[in-house]
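Reading through the structure tokens given below for one structure.
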Amino acid sequence: MPTNFVHERGSRTAHRVATRLSVEDPADVRTLRDAYLVTYEFPAPLMVRVADDMLADLRADVADRNVDRVVTLGRDGHRSGAGCSGPA
């Protein structure tokens with residue numbers, strides 16, 4: 001369960017995003033807040049899904065281009081790359 005600090009930060013973030021997207025319905029703002037809280041508390045399933053989708057795309061790219069390696073770069077690319085490479 002997220003702490004009050006995380007819940008408050010989620011609410012502030014949802015309001016900031018809603019303002020930028022011109023979202024005014026309070027139910028929609030709550031949905032943004034809830035999405036923030038879920039991704040804050042449960043990032044692993046999201047990352048696994050992203051890595052799985054990336055792996056399928058990368059396999060297709062490798063087959064189409066006849067290459068033997070894929071490199072992932074960047075701050076966020078490290079976790080995705082590690083997820084795609086399999087157990088160490």
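Just checking, does the range 75-83 include any residue being surrounded by 11 or more Cβ atoms within 10 Å (Cβ to Cβ), part of a helix (DSSP H, G or I), at pLDDT 75 or above and not polar (S, T, N, Q)?
No, because not a single residue in the range 75-83 is surrounded by 11 or more Cβ atoms within 10 Å (Cβ to Cβ), part of a helix (DSSP H, G or I), at pLDDT 75 or above and not polar (S, T, N, Q).
May I ask you to list the residues in the range 36-72 that are surrounded by 12 or more Cβ atoms within 10 Å (Cβ to Cβ) and in a loop (DSSP other than H, G, I, E, B)?
Val70, Thr72 - these are the residues of the range 36-72 that are surrounded by 12 or more Cβ atoms within 10 Å (Cβ to Cβ) and in a loop (DSSP other than H, G, I, E, B).
All but one of (1) modelled with pLDDT under 90; (2) open to solvent by 100 Å² or more (accessible area, probe 1.4 Å) hold for Thr19; which doesn't?
For Thr19, the exception is condition (1).
The values are calculated or read from the model by the stated rules, or taken from the named source; none is laboratory data. All values reported here derive from a predicted model rather than from experimental measurement. Counting neighbours? That spans all protein chains shown, and the Cβs are built from the backbone with ideal geometry, glycine included. Side chains included, ligands, DNA and RNA excluded: accessible areas come from the protein's heavy atoms. Shrake-Rupley method; radii C 1.70, N 1.55, O 1.52, S 1.80 Å.
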